[in-house]
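These notes are about the structure you will find just below.
The values are calculated or read from the model by the stated rules, or taken from the named source; none is laboratory data. Please read these numbers as outputs of a predicted model, since none were measured by experiment. Quick reminder, even Gly has a Cβ in these numbers, built from the backbone with ideal geometry, and neighbours come from all protein chains shown. Note: accessible area is taken over every heavy atom of the protein model, side chains too, but ligands, DNA and RNA are not part of it. Shrake-Rupley method; radii C 1.70, N 1.55, O 1.52, S 1.80 Å.
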Amino acid sequence: MEAKTISVKGAREHNLQSVSLEIPRGQLICFTGVSGSGKSSFAFDTLFAEGQRRYLESLSSYARQFLGQLAKPDVDQITGLSPAISIQQKTSGWNPRSTVGTITQIHDYLRVLFARIGKQHCPSCGVAIRAQSREQIIARILELPTGSKIHVLAPVVRGQKGEYRDLFEDMIKQGYARARVDGDVVSLSDVPPLARNIRHHIEIVVDRLVLSEKIRARLAEAVEAALKLGGGTLIVHVVDDGKNKNKASTKSVTQRRRQPTSEGEDLLLSSHYACTKCDVSFESPSPQLFSFNSPSGMCLKCDGMGTTFDFDPDKLVLNPKKPFFKYAIDPMRFWGRMGKWRRHIYRGVAKHVGFDIKEPWEKLSEKAKNAILYGLGDEHVTYEWRWSGGTSRHGGTFDGVLVDLRKKYKKANSTFVRAYYERFMKKARCVTCAGARLNAQARAVRVGGETLTGLSAMSISDAQAFFEKLPLSETEQVIAVDVLKEIRGRLTFLCDVGLEYLALDRTAPTLSGGESQRIRLASQIGAGLVGVLYILDEPSIGLHPRDNDRLLTSLERLRDLGNTVIVVEHDEQTMRAADEIVDFGPGPGVRGGEIVAHGSIQQIAKNKRSITGQYLSGTASIEIPTRRRPITPREATTGEKSVVTKKVAKKSSKKRRKKVKA
């Protein structure tokens, strides 16, 4: 028979004085008392710690060796203890990839929603993309130069982990002889072993052709077979007759979506998504496409971070009166003495652009400064090397000083060196994705006329209103019914705990402890667990009083599901809503660690020994001072305490210490 109470006997953790307590299950219990009286020691360091320890002991010995052991709390006996979940006031971590959407799993459901019912648009022209027919795909391939050697490839594995031995054997049985594995064309009968924990790209070579007017029938068969094998997508690889004959382009799938401009590149064609106006094809949307933590969906410029950490040209030049060769760009002095070879490169750039490199940096034109910092792109520069035998000329391109600085920073193994370079760097919004974190294709998919980026930037209350009025066809409603139910439920829970002002793309490190706690509380309500012991640490802190009612409603809902909810709290409204109150005291530290009062709010108010009860009953109160200390203008603008305020605080602290000693 299930126990009706959680019984604790002889708890002596920290300053607890052998406390014993019977806690009724399935109720909302409020632990209160003066700060340092032992309520957190009893709730977290005794109840939760023992519940967590018992859960780990229930696991197999194999699993426990990876988790370690937890110390047993200093307590004689605890019976009737349920599985415990602690929701404390702490930030959700410092991982900048975590957002409100990922923590609450709303972003995961949005990825599925956009992949299943999203309408793809062209990132370039914004036109809705329609499917390509087989004839259109064949015509596009035949537009390549006559005589081009091509491989028709069917992508079967795209950025997935595994060894794929069974796949290769199955392809051999189907009559295929070759495959392109991670960029190399290999024989299916002699495929090198693949690392199980590394993501792989595998494309089956359906046919190898030389384009001509007579090849159309064979090309049509190859296209049809590749579309069937690749799930509606095929890749045409233009073979390079040079040294890299069997090497594919090292660019990712996202980078290979443009038309091939030279041999050795890939042309991605799809029977599902293609923009006929821009003549560009796209892969079918998948949930991975909308993840900024996946290579399939992240912006390649910022690696899905939304920001870039790069050198700031304004910080590089500390003394603009110096010329370039006198280390006007300060980090270059860290490279050592500027040799003759580097000097002749910079002189060649100066001659090509048309400026005197010996002039002070502040007198150089913007064109000259940009040439030195950012390079000249694909422009051909003629360099002159003077030596004892005369002058020799050679040509090349110039990438710019910033490229060299980035290379030096990436190659630096010393923390000191990296810290030195970081003095000249700054974090800025990614110019490619404008902080959206996703690639161009993912940003162009829309649901209800809104992109995933736009939805994530909305506040939670606006997102909730959007999904309540989302217009869908009958077919789309059938497809998205379960996903929409989860999204709407989680948005409602977040609003119920007073977080409707947050945006889904808000990063985890920027959340306060109270916001992180309420996000985890909303997630637990959405989980719908039953028979669990929840322990919360002052959930009302930082919350506007008008939102307290919604928070208490959420706690009561958690209790009504069949859970025991313990709240460590000082808030009067929370105490009055609790089924029972446990008052710890009578004082802090060594003068506390006892249960002063236990029962309903009426019983606590009648207990003369309880300080909390005195304030609840009205016999004690904190009066508003009739005369307040004036705030100085400096304190009002900066928040910094003045010298007078610091002296007053120091005197008050000395008086308190004297009283404690007495």
| task | Check off (1) assigned to a strand (DSSP E or B); (2) in contact with an Asp or Glu (Cβ under 9 Å, 6 or more places away or on another chain); (3) open to solvent by less than 10 Å² (accessible area, probe 1.4 Å) for HIS598 and give me the number that stays unchecked. | result | (3)
| Among all residue pairs at least 6 apart or on different chains, which show Cβ distances below 7 Å where the first residue, located in segment 136-154, is more than 21 Å from HIS272 (Cβ to Cβ) and the second is of a type in the set (Ser, Thr, Tyr)? | THR146/SER212
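Name the residue that is modelled with the highest pLDDT, counting only residues in segment 216-232 that are of a type outside the set (A, V, I, L, M) and open to solvent by less than 70 Å² (accessible area, probe 1.4 Å). Walk me through it before giving the result.
Of segment 216-232, the ones of a type outside the set (A, V, I, L, M) are 216, 218, 221, 224, 228, 230-232.
Right, trim to open to solvent by less than 70 Å² (accessible area, probe 1.4 Å) and you get 230-232.
Numbers: GLY230: 87, GLY231: 83, GLY232: 83.
Here the residue is GLY230.
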| When the residues of segment 572-595 are filtered to those that are of a type in the set (A, V, I, L, M, F, W, C) and in a strand (DSSP E or B), which remaining residue is farthest from the chain's Cα centre (by Cα)? | ILE595
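Give me the residue from segment 416-429 that is within 25 Å of the chain's Cα centre (by Cα) and open to solvent by 40 Å² or more (accessible area, probe 1.4 Å) and, out of that set, farthest from ASN319 (Cα to Cα). Steps first, answer last, please.
So in segment 416-429, the residues within 25 Å of the chain's Cα centre (by Cα) come out as 418-419, 422, 425-429.
Now narrow it down to the ones that are open to solvent by 40 Å² or more (accessible area, probe 1.4 Å): 418-419, 422, 426-427, 429.
Working: ARG418: 22, ALA419: 21, GLU422: 18, LYS426: 19, LYS427: 23, ARG429: 27 Å.
Checking each candidate, the answer is ARG429.
Is it fair to say PHE325 is touching a residue at least 24 places away in the same chain (Cβ under 8 Å), farther than 30 Å from LYS119 by Cβ and of a type in the set (A, V, I, L, M, F, W, C)?
Values: touching a residue at least 24 places away in the same chain (Cβ under 8 Å): yes; farther than 30 Å from LYS119 by Cβ: yes; of a type in the set (A, V, I, L, M, F, W, C): yes.
Here the answer is yes, as PHE325 does meet what is asked.
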| Breaking point among (1) open to solvent by less than 70 Å² (accessible area, probe 1.4 Å); (2) closer than 30 Å to ALA274 by Cα, for ASP404 | (2)
| request: Pick out the one residue from GLY354, GLY390 that is at pLDDT below 90 and not aliphatic (A, V, I, L, M). | output: GLY390
| For segment 85-101, does any single residue satisfy the condition of being part of a strand (DSSP E or B) and over 30 Å from VAL532 (Cβ atoms)? | no
| request: Taking ARG180 as the residue in question, decide whether it is assigned to a strand (DSSP E or B), open to solvent by 60 Å² or more (accessible area, probe 1.4 Å) and not hydrophobic (A, V, I, L, M, F, W, C). | output: no
| field | Complete set of residues in segment 326-370 that are assigned to a helix (DSSP H, G or I) and closer than 24 Å to LYS411 by Cα | value | ASP330, PRO331, MET332, ARG333, PHE334, TRP335, LYS340, TRP341, ARG342, ARG343, ILE345, TYR346
| request: Would you check which residues across segment 435-463 are open to solvent by 50 Å² or more (accessible area, probe 1.4 Å) and within 16 Å of the chain's Cα centre (by Cα) and list them? | output: ALA457
| Given segment 233-325, what strands (runs of 3 or more DSSP E) lie entirely inside it while holding 1 or more residues that are modelled with pLDDT of 75 or more and over 30 Å from VAL185 (Cβ atoms)? | 307-311
| field | First in segment 102-123 and over 14 Å from ILE460 (Cα atoms) and open to solvent by less than 10 Å² (accessible area, probe 1.4 Å), second anywhere and β-branched (Val, Ile, Thr) and assigned to a loop (DSSP other than H, G, I, E, B), Cβ under 9 Å, 6 or more apart | value | GLN120/ILE129; CYS122/ILE129
| query | Out of segment 301-336, which residues are among the hydrophobic types (A, V, I, L, M, F, W, C) and exposed (fewer than 15 other Cβ atoms within 10 Å of the Cβ)? | reply | PHE309, LEU318, PHE325, PHE334, TRP335
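Specify which of the listed residues (SER281, SER296, SER271, SER286) is surrounded by fewer than 18 Cβ atoms within 10 Å (Cβ to Cβ) and closer than 30 Å to ARG140 by Cα. I'd like the intermediate steps shown before the answer.
Values: SER281 fails: surrounded by fewer than 18 Cβ atoms within 10 Å (Cβ to Cβ); SER296 fails: surrounded by fewer than 18 Cβ atoms within 10 Å (Cβ to Cβ); SER271 fails: surrounded by fewer than 18 Cβ atoms within 10 Å (Cβ to Cβ).
One residue alone meets the criteria, SER286.
Condition check ((1) in contact with a Lys or Arg (Cβ under 7 Å, 6 or more places away or on another chain); (2) modelled with pLDDT under 90) across all residues:
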position: THR91; (1), (2): no, yes
position: HIS107; (1), (2): no, no
position: LEU113; (1), (2): no, no
position: ALA128; (1), (2): yes, yes
position: ILE137; (1), (2): no, yes
position: GLY159; (1), (2): yes, yes
| Where residues in segment 303-338 are aromatic (Phe, Trp, Tyr) and within 30 Å of THR507 (Cβ to Cβ), which of them is farthest from the chain's Cα centre (by Cα)? | PHE311
| task | Consider only pairs whose beta carbons are under 6 Å apart and that are at least six residues apart or on different chains; among these, list those whose first residue lies in segment 392-421 and is assigned to a loop (DSSP other than H, G, I, E, B) and whose second residue is surrounded by 15 or more Cβ atoms within 10 Å (Cβ to Cβ) and of a type in the set (A, V, I, L, M). | result | PHE398/VAL349; PHE398/LEU376; PHE398/VAL381; GLY400/LEU373
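Test PHE466 against the criterion of being open to solvent by less than 20 Å² (accessible area, probe 1.4 Å) and in contact with a Leu (Cβ under 8 Å, 6 or more places away or on another chain), and give yes or no. So that I can check it myself, show each step before the final result.
Numbers: open to solvent by less than 20 Å² (accessible area, probe 1.4 Å): no; in contact with a Leu (Cβ under 8 Å, 6 or more places away or on another chain): yes.
When the stated conditions are applied, PHE466 does not pass them.
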| All positions within segment 548-568 that are open to solvent by 10 Å² or more (accessible area, probe 1.4 Å) and touching a strand residue (DSSP E or B) at 6+ places or on another chain (Cβ under 7 Å) | GLU556, ARG559
| Quick one: in segment 538-547, which of the residues that are part of a loop (DSSP other than H, G, I, E, B), at pLDDT below 80 and open to solvent by 40 Å² or more (accessible area, probe 1.4 Å) is farthest from ILE23 (Cα to Cα)? | HIS544
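Restricting to helices (runs of 4 or more DSSP H) lying wholly in segment 443-537: which have 2 or more residues that are in contact (Cβ under 8 Å) with a residue 60 or more places away in the chain? Working first, answer last.
Numbers: elements: 452-457, 460-468, 474-496, 513-527.
Per the criteria, 452-457, 474-496, 513-527.
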| When segment 183-215 is examined, which residues are found to be open to solvent by 60 Å² or more (accessible area, probe 1.4 Å) and hydroxyl-bearing (Ser, Thr, Tyr)? | SER189
| said: Looking at segment 124-162 only, could you name the residues that are part of a loop (DSSP other than H, G, I, E, B) and surrounded by 20 or more Cβ atoms within 10 Å (Cβ to Cβ)? | reply: ILE129, GLN132
